[in-house]
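Since the structure comes first, as C-alpha cells, the remarks are kept for the end.
The values are calculated or read from the model by the stated rules, or taken from the named source; none is laboratory data. Since the model is a prediction, treat every value here as computed from it, not as a measurement. Every residue, glycine among them, receives a Cβ derived from its backbone with ideal geometry; neighbour counts consider all protein chains shown. Calculation scope for accessible area: heavy atoms of the full protein, side chains included, ligands and nucleic acids excluded. Shrake-Rupley method; radii C 1.70, N 1.55, O 1.52, S 1.80 Å.
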Amino acid sequence: MSEKKAYTQAHGTGKYDKATGLLGKYDNVRRFWEDQITGIFLRPALNNLVEEKRRRLERIRILDLGCGSGEGYDLLMDVTTKDPAIYEYITSAITQDMLQEYVGVDINEDLLRQAEEYYGHLPKTRFVQGDLSNGLTPELTEKPPFDVYFTSFGTFSHFHDHQSVKIIADICKHAPERAIFMCDWLGRYSYEWQDLWHHPLDKEYFMDYRISYIYPEEERDKVDVASFPLRLITRDEIIKIIDQASKESGTKIKPLKFFDRSIYIGRHMDTGEYNANCPKLRLPANSLFEGYVRTDLESLLVDYVPRSGFDHLNNFFEMFFMSCNTLVQYTISLLSNYDSKKNNLNDIPEILPYYPVPLKEAMEAMRRVIEGVGWVPWGDVRANVIEPHLGYSLRKLEADLQPGTGVGHGLVGIFEIRK
Ligand SMILES: C[S@@+](CC[C@H](N)C(=O)[O-])C[C@H]1O[C@@H](n2cnc3c(N)ncnc32)[C@H](O)[C@@H]1O
C-alpha cells in the first residue's frame with residue numbers, strides 16, 4: 001500500500017511524467033528548440049522588468065492567457081538572464097523569490113485539470129476557467145494587475161481581429177505603469193501550409209487546423225481528427241491590431257521584438273497536410289536531441305519547392321533552407337572525414353567567405369566540436385554531443401536568419417506597455 005501511495009504522490013506532482021521525446025505535444029523540439037528560442041527572445045525584456053521590480057521592492061505577477069496545461073509556467077521560469085559561461089550555474093531571469101503569482105486562464109476544463117495536476121501543488125500558481133473571446137473576464141480584472149501578460153503557441157489565432165483588439169485593450173487598461181505583453185499567432189507564410197499562401201491579405205484568414213501531428217504516421221489516416229479554425233497572420237496585420245488596441249485604450253504600446261518560431265520544424269512539416277512537398281523534418285530533428293539515438297542526417301536536408309507568384313518568400317526560403325542544408329552537409333562531411341585512428345579530421349571542406357555570417361559561425365563551431373570530442377571512445381559522442389549540437393546550430397540559424405514577418409509556424413510579438 002505504501003508504494004502505491006508513494007507512486008500516486010509522485011504522479012500528483014506532475015514531475016513524474018515522461019517527456020514525450022520523439023513524438024507528441026511535449027516532444028524534444030518543443031522543449032529544446034521552441035521553448036528555448038522563445039525564452040532567448042524574451043530574455044532582454046524580462047531582465048529589464050525584473051531589475052525594475054527589484055528596485056521598487058516588488059515582485060512579478062504573471063497572467064498566462066490560454067494557458068492550456070500550464071506549460072507556460074516552466075517556459076517563463078526557465079528563461080535565463082544570459083547564455084551562461086561554462087563554469088556558471090544557470091541563473092533564472094525570474095527566480096522563485098521574485099515571483100509573486102502565476103495565474104493561468106483557459107476555456108478548456110480538461111486542460112485546466114491537467115494544469116492543476118502538473119502545477120497545482122506549487123503555492124504561487126492558480127488556474128481559472130474563463131472565456132477570453134470578449135476580453136479579460138471580471139475575475140481577472142478585479143484582481144491586482146500583472147507585470148507579464150503572456151500567451152504562447154498560437155493562442156491569439158483562436159480569435160477574430162476585433163476580439164484580439166479587445167483583449168489587448170483590456171490588458172492595457174488593466175496593466176500597471178509598465179508591463180510586458182507577448183502575443184502569439186500562427187504565421188501566414190509557413191512552408192508547412194504553402195497551399196494556403198494565396199489567400200488575400202485584405203481579409204482575415206482562418207485555416208482549418210488539425211492536431212493530427214500527435215499521432216504516429218501509420219495511425220493518422222485511421223483517426224477522425226477534429227478540425228477548428230485558426231487565424232494565420234503577418235507582422236503588418238499584428239501591427240494594425242496593436243495600433244487599434246492602443247487607440248481604444250489610450251495607452252502606448254511599444255513593440256520590442258517580432259520573431260518567427262519554427263520555420264524549419266513546424267508541427268505540420270511531418271504531416272504534409274497543407275503542402276505535400278514538405279520534408280518530414282520534425283521526427284529527425286527530435287531525434288537529434290534524443291540521447292543514444294543516431295539520426296540519419298540526410299533526412300534533415302530540405303528540397304524546397306518554390307510557389308510561383310511569391311518571389312519574395314521563395315527567395316527567403318531558398319536562402320534559409322540552403323543555409324541549413326549547407327550546415328547539415330558540412331557536418332556529414334566532417335563526420336565521414338574523421339580519422340578514428342589518428343583522432344583528427346583528414347579533410348575539412350571550405351567555408352566560403354560570402355556565406356551568411358550565422359552560417360559561417362555555425363560551421364566553424366561544428367568543426368571545433370567534432371575535433372574536440374570526436375576522439376572520445378565512450379558515451380556515443382555522435383548521438384549524445386555532436387547531434388544535439390547540430391540541433392542547437394540549426395536553431396541558431398533559425399533565430400539569426402529570420403525576418404520576424406510570419407514565415408514560421410508561429411509569429412510572436414513582444415511589447416512593452418508604458419503608462
Ligand atoms: C494552442 S493552445 C496553447 C496552449 C498552451 N499555452 C501551450 O503553450 O501549450 C491554445 C489555448 O487557448 C485556449 N483557448 C481557445 N479559445 C479560448 C478562449 N475563448 N478563452 C480562453 N482560452 C481559449 C485553448 O483551450 C488552448 O488551451
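For the reader, a short list of remarks on this structure follows.
- Each residue in region 230-244 was checked for being more than 13 Å from Leu196 (Cα to Cα) and not charged (D, E, K, R), and 6 pass.
- Output for region 209-242, where each listed residue is open to solvent by 90 Å² or more (accessible area, probe 1.4 Å) and within 25 Å of Thr405 (Cβ to Cβ): Asp236, Lys240
- Beta carbons closer than 6 Å, at least 6 apart along the sequence or on distinct chains, pair a first residue in region 63-78 that is over 24 Å from Pro176 (Cα atoms) with a second that is near the ligand (Cβ under 10 Å from one of its atoms) and open to solvent by less than 10 Å² (accessible area, probe 1.4 Å) for Ser69/Ala115.
- Residues located in region 42-90, provided they are surrounded by 15 or more Cβ atoms within 10 Å (Cβ to Cβ) and of a type in the set (Phe, Trp, Tyr): Tyr73
- Within the set Asp110, Asp131, Asp170, the sole residue that is exposed (fewer than 14 other Cβ atoms within 10 Å of the Cβ), within 13 Å of the ligand (Cβ to nearest atom) and modelled with pLDDT of 95 or more turns out to be Asp131.
- Residue within region 81-104 that is modelled with pLDDT under 95 and among the aromatic types (Phe, Trp, Tyr) present: yes
- Some residue of region 192-201 being within 13 Å of the ligand (Cβ to nearest atom) and either within 20 Å of Asn134 (Cα to Cα) or in contact with a Leu (Cβ under 9 Å, 6 or more places away or on another chain) (or both): no
- Entry remark, region 69-107: residues being within 16 Å of the ligand (Cβ to nearest atom) and either in contact with a Lys or Arg (Cβ under 9 Å, 6 or more places away or on another chain) or not in a loop (DSSP other than H, G, I, E, B) (or both) number 14 in total.
- When region 138-162 is filtered for residues that are buried (at least 16 other Cβ atoms within 10 Å of the Cβ) and either within 8 Å of the ligand (Cβ to nearest atom) or part of a loop (DSSP other than H, G, I, E, B) (or both), the ones remaining, listed by number, are Pro145, Phe146, Asp147, Thr151, Ser152, Phe153, Gly154, Thr155, Ser157, His158, Phe159.
- Neighbours by Cβ (under 9 Å, 6+ apart or cross-chain): first from region 203-214, in the same structural domain as Ile233 (by TED's automatic domain parsing) and in a helix (DSSP H, G or I); second of a type in the set (S, T, N, Q) and modelled with pLDDT of 95 or more: none
- Selection status of Thr295, outside any loop (DSSP other than H, G, I, E, B), β-branched (Val, Ile, Thr) and touching a helix residue (DSSP H, G or I) at 6+ places or on another chain (Cβ under 9 Å): no
- Qualifying residue in region 371-378 (condition: open to solvent by less than 40 Å² (accessible area, probe 1.4 Å), of a type in the set (Phe, Trp, Tyr) and modelled with pLDDT of 95 or more): no
- Identity of the residue in region 113-128, of a type in the set (A, V, I, L, M, F, W, C) and within 11 Å of the ligand (Cβ to nearest atom), that ends up nearest to Arg56 (Cα to Cα): Val128
- Every listed requirement among (1) open to solvent by 10 Å² or more (accessible area, probe 1.4 Å); (2) within 12 Å of the ligand (Cβ to nearest atom) is met by Trp185 save one, (1).
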